[in-house]
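Novice: A single structure is presented below for examination.
The values are calculated or read from the model by the stated rules, or taken from the named source; none is laboratory data. Note that the coordinates shown come from a computational prediction; the quantities given were computed from them, not determined experimentally. A quick note on method: Cβ atoms are made from the backbone with ideal geometry, for glycine too, and the neighbour counts reach across all protein chains shown. To get the accessible areas, we keep the full protein, side chains included, count just its heavy atoms, and leave off ligands, DNA and RNA. Shrake-Rupley method; radii C 1.70, N 1.55, O 1.52, S 1.80 Å.
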Amino acid sequence: EQSINQAVVKVYKASTRTWYDFPIDTLSSNGTNVDTTLDLSDVLTTAADFSEVPIRVLFSYSGGGQKMDLDLLSLRLADLIGDSGSWQVAQAYESTNAYPVWTQGITGNGIGVAVLDTGVRRFKELEQNSQGQKTMVPRWNAIDNKPDGTQDKFGHGTLVASIIKNSKKDANGKYYGVAPDAKIIPVQVLGDHGTGTYSNVIAGIQWVINNRAAYNIKVMNLSLSAPVQSYYWDDPLNQAVERAWQAGIVVVVAAGNGGPEPMTIGVPANNPYVVTVGALTDHYTPTDWSDDYVPSFSAAGPTYEGFVKPDLIAPGGHIAGVMSDKDNLAIIHPEDKINKDYYQLSGTSMSAAQVSGVAALMLSKNPAWTP
């Protein structure tokens with residue numbers, strides 16, 4: 001065996017895509033181990049950094065060219081952040097206080113929630129209920145006018161759906177979604193880059209109305225927004241959501257992310273018949289409401305017609321959900337990855353999804369309730 005002349009540990013920071021060098025100053029003599037501890041707290045700072053930590057170890061020798069063994073290299077990431085997976089996902093829903101409801105057996109069983117968005121990918125925790133039975137089925141694509149809404153290439157719809165319903169549990173028995181036994185009905189109305197047209201969204205709403213009995217659709221989630229261009233009663237999209245309301249469907253709409261100025265509520269959130277949801281952030285203390293606040297992005301009322309909006313605020317800061325690494329939204333925001341297939345995003349889209357999940361819980365307990 002030969003002595004180590006120099007050694008460097010290189011650690012990758014995912015959020016900035018940068019390698020950091022940690023030289024090992026201690027030199028080894030023949031047959032002597034080198035033990036060292038590295039402080040990575042200045043490098044690994046975001047959730048994305050902890051999702052995967054590539055490491056390289058480089059050596060040079062004093063002479064020869066003999067074999068060298070790397071005996072043990074360990075990173076005690078748990079000492080820095082705890083469990084970086086299930087803990088953060090479950091924590092995102094603590095503020096809803098859903099756990100006591102689940103313990104009573106109220107999990108949204110059988111309630112259909114139509115998600116009008118970019119589609120919903122087929123992840124196991126979204127397709128199955130808490131008993132492992134398949135509940136999600138391929139549904140409508142309003143863009144291509146065909147029966148398949150599970151081709152989400154943007155990622156937004158999948159993440160929103162996973163906030164509403166996710167049957168996966170953490171070690172403490174807490175679900176990753178608000179209504180784990182609800183049925184997600186994917187209706188794709190937005191394209192691969194998260195944008196769409198009035199006509200596609202309206203077509204999706206009409207499909208939901210026509211098929212509400214077949215899939216027991218009681219809730220419709222619209223985590224989307226458009227600029228206000230007329231009185232709400234003259235707007236075709238607002239007319240469509242009113243038809244859904246008249247048909248007995250609870251319509252939950254994101255307030256929009258154009259805040260904080262007054263009169264920034266978008267369409268169709270400016271409709272008095274829908275449940276308009278703004279955002280709050282728990283300030284990373286989900287069980288302490290005293291430090292919660294409304295983030296600046298959350299759109300504010302009143303509407304042009306003078307209606308007080310939003311109707312509710314719900315957690316919308318750093319909310320975790322399912323999304324594929326291949327989706328365009330994940331590619332744009334790699335720093336938001338917290339675990340395999342899980343990303344943490346903020347917006348009133350996430351807030352609306354939580355309220356849709358709560359509505360599913362309420363309706364599974366009280367099926368006769370109306371919008």
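Novice: Any chance you could tell me what percent of the C-alpha pair distances in the stretch 189-331 go past 21 Å?
Specialist: Details: 4945 of 10153 pairs.
Result for the distance tail: 49 percent.
Novice: Moving to a separate point now. Where does the Debye-calculated log10 I(q)/I(0) of the stretch 110-256 sit at q = 0.10, 0.13, 0.14 Å⁻¹, using only Cα point scatterers of equal weight, no solvent?
Specialist: -0.32, -0.53, -0.61
Novice: Among rounded, prolate and oblate, which fits the stretch 129-193 when a ≥ b ≥ c are the square roots of the eigenvalues of its C-alpha gyration tensor, a/c under 1.5 means rounded, and a/b larger than b/c means prolate?
Specialist: Numbers: a/c = 3.43, a/b = 1.92, b/c = 1.79.
Here the stretch 129-193 falls in the prolate category.
Novice: Quick one: 3J(HN,Hα) in Hz for the stretch 101-114, Karplus 6.51/-1.76/1.60 with θ = phi - 60°, rounded, Gly and Pro as x.
Specialist: Karplus-based 3J(HN,Hα) across the stretch 101-114 equals 6, 4, 5, 8, x, 9, 10, x, 3, x, 7, x, 10, 7 Hz.
Novice: In addition: How many percent of the accessible area of the stretch 265-335 is carbon or sulfur, using a 1.4 Å probe?
Specialist: Numbers: 1880 of 3050 Å².
Summing carbon and sulfur atoms, their accessible area is 62 percent of the total for the stretch 265-335.
Novice: For the stretch 90-198, which whole-number percentage of the solvent-accessible area (1.4 Å probe, protein heavy atoms only) is attributable to carbon and sulfur atoms?
Specialist: Working: 1770 of 4140 Å².
Within the stretch 90-198, the accessible surface is 43 percent carbon and sulfur.
Novice: Take the stretch 303-366, drop everything but the C-alpha atoms, weight them equally and run the Debye formula without solvent; then report log10 I(q)/I(0) at 0.22, 0.27 Å⁻¹ to two decimals.
Specialist: These q points yield log10 I(q)/I(0) values of -0.91, -1.08.
Novice: Give me the lysines in straight-line cross-link reach of K309: C-alpha distance below 24 Å, same-chain residues under 8 apart excluded.
Specialist: K218
Novice: Of the listed pairs K13/K165; K10/K153; K134/K340, which have alpha-carbon separations greater than 25 Å here?
Specialist: Values: K13/K165 32 Å; K10/K153 34 Å; K134/K340 22 Å.
Beyond 25 Å: K13/K165; K10/K153.
Novice: Which of the residue pairs K124/K174; K183/K365; K146/K326; K174/K326 have a Cα-Cα distance greater than 20 Å in the structure shown? Show your work: numbers first, answer last.
Specialist: Numbers: K124/K174 17 Å; K183/K365 15 Å; K146/K326 23 Å; K174/K326 28 Å.
Where the Cα-Cα span goes over 20 Å, the pairs concerned are K146/K326; K174/K326.
Novice: Also, quick follow-up: For q values of 0.09, 0.16, 0.19 Å⁻¹, compute log₁₀ I(q)/I(0) with the Debye formula on a Cα-only model of the stretch 251-371, without solvent.
Specialist: With no solvent term, the Cα-only Debye profile gives -0.28, -0.83, -1.05.
Novice: If you keep only loop residues by DSSP, which chymotrypsin sites (Phe, Trp or Tyr not before Pro) in the stretch 211-258 have at most 14 other Cβ atoms within 10 Å of their Cβ? The partial results should precede the final answer.
Specialist: Values: sites: Y215, Y231, Y232, W233, W245; in loops: Y215, Y231.
Counting only loop positions with at most 14 other Cβ atoms within 10 Å, the chymotrypsin sites (Phe, Trp or Tyr not before Pro) in the stretch 211-258 are Y231.
Novice: Sticking with this one: Quick check: the distance between the Cα centres of the stretch 181-208 and the stretch 234-284, to the nearest angstrom?
Specialist: Going from one Cα centre to the other spans 15 Å.
Novice: When only DSSP loop residues count, what chymotrypsin sites (Phe, Trp or Tyr not before Pro) in the stretch 302-371 have their Cβ near at most 14 other Cβ atoms within 10 Å?
Specialist: On the way: sites: Y304, F307, Y342, Y343, W369; in loops: Y304, F307, W369.
Filter output for the stretch 302-371: Y304, W369.
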